[in-house]
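Nothing in this text is a laboratory measurement; each read-out follows from the coordinates by a stated rule. These numbers come from a predicted model, not from an experiment. For neighbour counting, all protein chains shown are included, and Cβ atoms are generated from backbone atoms with ideal geometry for every residue, glycine included.
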Amino acid sequence: MENILEVQHKVDHWQRICGELLAKADIGINGSRPYDIQVKNPKFYKRVLQQGSLGLGESYMDGWWDCAQLDEFIARIVKADLESSLNMNLQDMLRIAGARMVNHQTKKRAWIVGKEHYDLGNDLFALMLDPWMQYSCGYWKEAQTLHEAQQGKLKMICEKLQLAPGMTLLDIGCGWGGLAAYAAEHYGVKVTGLTISAEQQAFAQTRCGHLDVEILLEDYRDLDRQFDRIVSVGMFEHVGPKNYDTYFRVVNKNLRPDGIFLLHTIGSNKTDLNVDPWINKYIFPNGCLPSVLHIASASEPYFVMEDWHNFGCDYDRTLMAWNARFQESWHLIEENYSPRFRRMFTYYLNACAGAFRARNIQLWQVVFTHGAEGGLRVSR
């Protein structure tokens, strides 16, 4: 058996390596700045060096470390590209290889994210989100509050789609029905919403019961109807590269010749399949962020790209607003969730905010047509 001195020597070795890495991001161990990491369990160092992102997130969930400004801690790590300094472990390599060979977003597997994330509980999301229940990036151009930012986003989407009374609108991945309700109420359109979450469907049906809106619990690949306009907000991240062509082919089939399609999605700077392992395991199973190349290549056979709008920096502010509301509301829901869940969700919101702040990931709205005569004047 190892004696105490040998064990301490190994701990000191792992801590030294972590300290050298974190110094590249100007982060100290047990320092006094709000973005310095406070390590509570010495096993943390070996775990994070061996497991990378997964070890970092899971050790936070286990209470092995804390950070007063977790969002800035993550932003600094991402900016310094510390992940590339760690050797990719075997589990990561197998996961990436599997993603290249296996379609993780088949019709059967597509329902997993609905059950594991979006069905977590309407009580949680109702307290964290705005009154429109928008679980996607707000538009903060002229907004001071989360509600204003999400309403600004909804208005901008409807204006980009050039909605008019009597039109039909398909909302692929309609969530809790906020956009469907807004479009029907303010623009007089008939909306069909698709979701793979039973919790979302029930909520949306109640919300939209007095409007010309239908909410279907259905996979987008099963739809075969013609619509004047199609929109998809925060859903493309779950489609997967092996299904990008199918996705655009389905949209093309269901969009009238003179129609407009708006795609709202988080995007990656790089064209690869390297999904963050912690996010994949705990938040969005089987997800994958598309790149510019992914979207351009998959849409090229079917559409003319009329406009590309990046406002990813607004997601940082949106996520921090969600985190503030989540923390403020925790006492109202803590009987339904564990303390470990709270740490998991806190880490998720702050880590994503940090990634957007570091410009590692983006938020895009892309407008497509079949070749609109005279082009489009797109709202901002």
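Worth pointing out:
- Interatomic Cα distance distribution for region 137-235, bins of 5 angstrom, percent: 3, 14, 25, 23, 21, 10, 3, 1, 0
- Here the calculated FRET efficiency for Asn122 and Gln69, from their Cβ-Cβ distance with R0 = 25 Å, stands at 0.25, rounded to the nearest 0.05.
- Of Gly178, Gly240, Gly121, the one that fluctuates the most in a GNM where the chain has Cα springs shorter than 10 Å: Gly121
- Using C-alpha pairs under 8 Å with a sequence gap of at least 6, the mean separation divided by the residue count of the chain gives a relative contact order of 19 percent.
- Longest exposed-site-free window of the chain, the sites being GluC sites (Glu not before Pro) in a DSSP loop that have at most 12 other C-beta atoms within 10 Å: 143-333
- Shape analysis of region 199-303 yields a ratio of the Cα radius of gyration to the Kirkwood radius, Rg/Rh, of 1.00.
- Pairwise centroid distance, computed over Cα atoms, of region 171-195 with region 302-380, Å: 19
- Fraction of the pair-distance distribution of the chain above 27 Å, Cα-Cα pairs, percent: 51
- Fraction of beta bridges assigned by DSSP in region 109-369 that are antiparallel (%, nearest 5): 40
- Full-stretch length increase - Ala372, Ser329 - with 0.36 nm per residue and alpha-carbon distance subtracted: 10.8 nm
- Between helix 70-79 and the chain: long-axis angle, C-alpha atoms, 0 to 90°, nearest 10: 90
- Using the Cβ-Cβ distance between Ala202 and Cys313 with R0 set to 41 Å, the FRET efficiency from 1/(1 + (r/R0)^6) comes to roughly 0.75.
- Take the Cβ atoms of Ser85 and Ser297, set R0 to 35 Å, and the FRET efficiency comes out at 0.65.
- Rg/Rh ratio calculated on Cα atoms of region 4-87 (Kirkwood radius): 0.94
- Residue with peak Gaussian network fluctuation, the chain [Cα springs, cutoff 10 Å], from Val233, Val292, Val78: Val292
- For region 247-261 versus region 199-217, the spacing of their alpha-carbon centroids is 23 Å.
- If only the Cβ of Lys and Arg carry +1 and only the Cβ of Asp and Glu carry -1, the dipole of region 4-87 around its Cα centre is close to 180 debye.
- Solution diffusion estimate, µm²/s, Stokes-Einstein, region 230-380, Kirkwood Rh from C-alpha pairs, 25 °C, viscosity 0.890 mPa s: 144
- Residue pairs, from the table Lys24/Lys281; Lys155/Lys253; Lys79/Lys270; Lys79/Lys153; Lys79/Lys141; Lys190/Lys242, whose Cα atoms sit over 21 Å apart: Lys24/Lys281; Lys155/Lys253; Lys79/Lys153; Lys79/Lys141; Lys190/Lys242
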